[in-house]
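In what follows, a structure is listed as structure tokens, so that the remarks can point back to it.
FYI, it's all coordinate maths here, none of it is from the lab. All values derive from a computational prediction rather than experimental measurement. Counting neighbours? That spans all protein chains shown, and the Cβs are built from the backbone with ideal geometry, glycine included.
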Amino acid sequence: MTEALVLGNQESLRYFAPEAIVTLAFLAVIVFDIVTGGRKRNGTAAVAIAGLALAVVAAVPLLTARPALLFSGMIALDPFAAFFKIFICAASIVIVLISMGYRELTARFQGEFIAAMLATVLGAMLFACSVNMVMIYLTLEMLSLPSYILAGFLKGDTRSGEAGIKYAVFGAAASGAMIFGLSFLYGISGSLDLFALRDALDVRAVPTIALLIPTIFVFAGFAYKISAVPFHMWTPDVYEGTSTPITAFFSVVPKAAGFAAIARFFLSGMTRQTPDGLVAAAAIDWPFLIAIVSVLTMTLGNLASLRQNNVKRLLAYSSIAHAGYMLMGLVLLTDEGVKAVLFYLVVYALMNIGAFLVVIALSGERPREEIDDFRGLGWRMPALGLAMAVFLFSLTGLPPFAGFIGKVYLFKAVIAKEYYWLAVIGVLNSVVSLYYYVRIVKVMYLDIPAEGAGLAPISVSRMHGVVLALLAVPTVLFGIRFGVVDALTDLGRNLFLGR
Amino acid sequence: MFDMLSVITFAPLAGALALLFVPKERRDLIRWVAAAAALVPLVLSVLVFIQFDRAKLGINDPSSFQFVVQKDWIQAFNIQYYMGIDGLSVSMILLTALLSFLCVFASFGIQKGVKGYYAMFLLLETGMMGTFCALDFFLFYVFWEVMLLPMYFLIGIWGGPRKVYAAIKFFLYTLFGSVLMLLVMLAFYFKAGHSFNMLTMMQQGMDGGTIPLFGHVFRYGQLMFVALFIGFAIKVPIFPFHTWLPDAHVEAPTAISVILAGVLLKMGTYGLLRISYPMLPEAARWFSPALAIFALINIVYGALCAMAQKDFKKLIAYSSISHMGFVLLGMASGTEQGLNGAVFQMFNHGTITAMLFLLVGVIYDRAHHRDIDGFGGLMVRMPVYAAFTSLAFFAAIGLPGLSGFISEALVLLGGFRSYQAITIICSSGIVLGAAYMLWTFQRVFLGPLNEKYKDLPEISPREIFTLVPLAAITLVLGVYPVPVLGLFQASMGQLVRVVWG
């Protein structure tokens, strides 16, 4: 890529609009909540949605902006960053909409919930574009701290409390490991800049072991955010324990930011550009290490899902498996691989939030999270059952649903680099995933409920109905026509790789 | 020009969508809408059958495909909506259209969730038609997978006591096969220069190159052939991938068994002929001896298993495995007779086995069990039924004068030229077939009438209506096979030239 501008603090502000808008929205939500005494609940949500929507609008022009480094080289401005800003804000809008119809969250402290979420969003947006080691660490914390609050948000609920604590303890350990690793890397390159690290690895012969250890430690910090094996332990407990809209949020936004940060760290900091494409700059074969993590993550996620009876837990493990699939895209060191990850993230967000939304919609009066609670749903509530079936088949990766196209992008990229073994393990994993996704479809359709036994339809709020359609329609549509997403990810894959 | 293939493919889907707007209480209306939706492809495929130019070669020659539609679908991947047919596909389309139409009537007895049943059924028909028409690999794969979902529900919701187990087993097996096909498809996409066009793939030949994997160096073509073969072998099914079939058949409702045996099993051999053979001719030649052995195992093992069955439907299921073995033998032979016999056998097995499953359905609907030894002497009570059954049984045995004889004879003729010993053993399958079929006939229809069934009603006009067309085809083609055999002779000749030079 061409020479990039390094902008000073004042010039940078112009390109910082999305983050600035989210910050203002965050403050506005707090102020609005205090002024109205927390009574105008939909008003609080409306302020947040307006802020996030504005941030999306502000981020769109950045998709085609010339790459630059903002704030004297702290964060990158490139289409890749713009893509993640749009993605994170758009997904968060959906979550806010969902939370509006969810009594557990709207009953108390909705203002606080939305504020904590916006703070997480801001952290995620910055995490996705940090190119300075200190920035990476700070934004990781900025993303994590409000997440801990969100995880433990249901005050008085022991499961939620446990989730909050667990998330915080694991998070503290992971970020501690990460900063320890970063300090080593600083020692190697003498600079906090990722591009300087790459240059240093190019000229200096760094002993393998001296690089391997910090790389693993730094990766631990990222891996915890995307719940890659073996840093996934917190995921099922946190996903199960916390309020379902928050679970849906966790399964998409911090995860996406984590992927952005991994891509940025390894592709900017540890990859060299050669005429034949990108190669690992370091003495260690980090792509291979990530490939192993990818295989373990998808396999463990899928095998563990087989045994779950709680749908939230099942989706938690399956989201681990999806992280494994996406990691495949990052080991390839190709544009196509990065693009595949972005594409997969988009369809994953649609179908995964969708599946969680069905769980939310079902929990009208009491939590219905066990697979048994879905019994006969397809006959009892045809629309909701159909939507869930669409999401589940899409998650499996069957055509004609979007999840299939996502998998095609990933496996196409993997095959293009001739990583056949990885591709074979990947597709076999999708076969395994069929079994547990179809288990839910089975109880929904194949087990016809006995006459009269709880046949009364559960009332679903209108807001949830609308959002469900908003997620289900593209899940089908992108399986047949996906030019829009292709164009978006084609821009978004342009990652700034250094001066 | 009127886009015949698209209408054939999507008319059932349109019917399925129309069904969603029919109130679910109006069951008869639902049934007739479904019948109308299945009639459209039948009428059009008869038109195709009439208009089809039998001299055109097809297979790997783009200019000689007929009724071609070619439009861009997804430009980012260079995926096209590319449909067209040659002799190989036209026979399968005809078979699919006919069986689907008859099965709509065979399903009139279904009372539970009629609307959902027919919607799924029509979606399945779209998937089958699309698979046979597609000339773009991606399109082919999408249609191939589209068949899975309705089949899962049709077995799982409307099936017998162990339906849930059978449905998931079918689903997992087939998906396992198709994901391997997905990888091959993506690999070919790069090899063909970023194209999913099947004919481009055939013309470029996908054989060359090597793949280092787990410390070995594999021939590219051979590895890809084996991966595709596993996918297709599960569908056929070829031993040892056959275990899903008896379960699925026993649990599926009658009409779905008919479709499963009549059309879906052909997908496997169709895939081998349409994709594996012309794209990987070198590997296909390399694999032929193994395929002949698989054919042998299928024929003999299937027949022996059939002989051991007590369940009428399971017996037919295993006989399908045996009969599909003949298709494989014909394909392995690499001769024109063999391949013509193989495709003709696909068609004939489709019609004959459909009859057999319909007949089992008739007796099951009346007696509510399928235990072969639980009947006896039914000939007295149901002479018409017995007549149809004997025709179907003799056709399945391969009695001269009925269609099954011609295809099996062609296969054996072709096979004998390449694999004498194997073919001789395979021909024992016909003897075994005669043994289990006649023995079954004897136990069910002859002997003293079982007192329990002295009031069993005779076969109904609706059931006769579903059987007559199939019986007529069996008789006519047995005497004069040219109308169907002539469809694919040119194409098979071309395929032999492509693969065996």
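Taking 19 Å as the cut-off for C-alpha to C-alpha distance, list the pairs among A:LYS417/B:LYS191; B:LYS266/B:LYS310; A:LYS417/B:LYS235; A:LYS85/A:LYS407 that go past it.
Working: A:LYS417/B:LYS191 12 Å; B:LYS266/B:LYS310 26 Å; A:LYS417/B:LYS235 30 Å; A:LYS85/A:LYS407 23 Å.
Over 19 Å apart, Cα to Cα: B:LYS266/B:LYS310; A:LYS417/B:LYS235; A:LYS85/A:LYS407.
Roughly how tilted is helix B:312-333, in degrees to the nearest 10 and between 0 and 90, from the longest Cα axis of chain B?
30 degrees
Can you pull the three principal axis extents for the Cα set of region B:137-263, in Å, largest first?
For region B:137-263, the Cα extents along the three principal axes come out at 50, 31, 19 Å.
How much net charge surrounds B:VAL327 when only other residues with a Cβ under 14 Å from its Cβ are counted (Lys, Arg +1; Asp, Glu -1)? Spell out each step's value before the answer.
On the way: positive: B:LYS235, B:LYS266, B:ARG274; negative: B:GLU408.
Within the 14 Å Cβ shell, the charges total +2.
Explain nothing, just compute: Karplus ³J(HN,Hα) = 6.51 cos²θ - 1.76 cosθ + 1.60, θ = phi - 60°, for every residue of region A:132-142 in order, whole Hz, x for Gly and Pro.
10, 4, 5, 4, 4, 5, 5, 6, 4, 5, 5
What's the Cα-based Rg to Rh of region A:5-492, Rh via Kirkwood? Walk me through the numbers before you get to the answer.
On the way: Rg = 21.7 Å, Rh = 22.6 Å.
In region A:5-492, Rg relative to Rh is 0.96.
For chain B, what is the mean residue ellipticity at 222 nm derived from helices alone (per DSSP H run of n ≥ 4: -39500 (n - 2.57); sum divided by total residues; nearest 500 deg cm²/dmol)? List each step's numbers first, then the result.
Working: 21 runs with 356 residues, N = 501.
Result for chain B, helices only: -24000 deg cm²/dmol.
Label region B:370-492 by shape, choosing from rounded, prolate and oblate, from the square roots a ≥ b ≥ c of the eigenvalues of the Cα gyration tensor; if a/c is under 1.5 it is rounded, and otherwise prolate applies when a/b is larger than b/c, oblate when it is not.
On the way: a/c = 3.94, a/b = 1.65, b/c = 2.38.
Note, shape of region B:370-492 comes out oblate.
Quick one: A:ILE114, B:ILE85, fewest Cβ neighbours within 10 Å first, how do they rank?
Numbers: A:ILE114 29, B:ILE85 26.
Fewest to most other Cβ atoms nearby, the residues stand as B:ILE85, A:ILE114.
Assuming a ≥ b ≥ c are the square roots of the Cα gyration tensor eigenvalues, decide whether region A:325-484 counts as rounded (a/c under 1.5), prolate (otherwise, with a/b larger than b/c) or oblate.
Values: a/c = 2.90, a/b = 2.01, b/c = 1.45.
The shape class here is prolate.
Working from Cα positions, state the angle (0 to 90°, nearest 10) between the long axis of helix B:114-133 and the longest principal axis of chain B.
Computed tilt is about 40 degrees.
Cut-off is 10 Å between beta-carbons; in what order do B:ASP455, A:ASP490, A:ASP199 appear when sorted fewest neighbours first? Before the final figure, lay out each step's value.
Numbers: B:ASP455 8, A:ASP490 15, A:ASP199 18.
Ascending Cβ contact count within 10 Å gives the list B:ASP455, A:ASP490, A:ASP199.
Based on the alpha carbon coordinates of region B:280-501, what radius of gyration and maximum Cα-Cα distance (Dmax) apply, in Å?
Considering region B:280-501 through its Cα atoms, Rg and Dmax are 18.4, 63 Å.
Sort B:THR269, B:THR353 so the one with the fewest other Cβ atoms within 10 Å of its own Cβ comes first.
Numbers: B:THR269 25, B:THR353 28.
Least to most surrounded, the residues fall as B:THR269, B:THR353.
On a C-alpha basis, how far is the centre of region B:303-329 from the centre of region A:47-74 in Å? Whole number, if you could?
65 Å
Starting from the Cα gyration tensor of chain B, multiply each eigenvalue by 5, take the square root, and state the resulting semi-axes largest first in whole Å.
In descending order, the three semi-axes are 35, 27, 21 Å.
Return the Rg/Rh ratio of the protein assembly as shown with Cα-based radii and a Kirkwood Rh. Walk me through the numbers before you get to the answer.
Details: Rg = 30.7 Å, Rh = 30.2 Å.
On the Cα set of the protein assembly as shown, Rg over Rh gives 1.02.
Return the average number of partner chain Cβ atoms within 10 angstrom of each residue Cβ along peptide B:174-182. Let's see the in-between values first.
Working: counts 1, 11, 6, 1, 4, 12, 4, 1, 11.
Mean number of neighbouring Cβ atoms from other chains: 6.
Enter the mean number of other protein chain beta carbons within 10 Å of the beta carbon of each residue in B:189-199, as an integer.
Partner Cβ neighbours, averaged per residue: 1.
At what distance in angstrom do the alpha carbon centres of region A:116-154 and region B:437-501 lie from each other?
69 Å
Note down the net charge around B:GLN203, summing +1 for each Lys or Arg and -1 for each Asp or Glu among other residues with Cβ under 13 Å from its Cβ. Before the final figure, lay out each step's value.
On the way: positive: B:LYS191; negative: B:ASP61, B:ASP207.
Here the count lands on -1.
In whole Hz, what ³J(HN,Hα) sequence does region A:65-79 give by Karplus (6.51, -1.76, 1.60; θ = phi - 60°), x for Gly and Pro?
3J(HN,Hα) across region A:65-79, in whole Hz: 5, 5, x, 8, 10, 9, 6, 6, x, 7, 10, 9, 10, 8, x.
Of chain B, which part is the longest with no chymotrypsin sites (Phe, Trp or Tyr not before Pro) in a loop (DSSP not H, G, I, E, B) and with at most 10 other C-beta atoms within 10 angstrom?
Between the exposed loop sites, the longest stretch runs B:215-501.
Which value in nm describes the separation of the simple spin-label points at A:LEU13 and B:ILE424, placed 7 Å from the Cα toward the beta carbon?
Placing both labels 7 Å along Cα→Cβ, they lie 9.6 nm apart.
Residues with beta-carbon under 15 Å from that of A:TYR435, excluding A:TYR435: net charge, scoring Lys, Arg +1 and Asp, Glu -1? Mind showing how you got there, number by number?
Values: positive: A:ARG307, A:ARG439, A:LYS442, B:LYS169; negative: none.
That sum, taken over residues with Cβ under 15 Å, equals +4.
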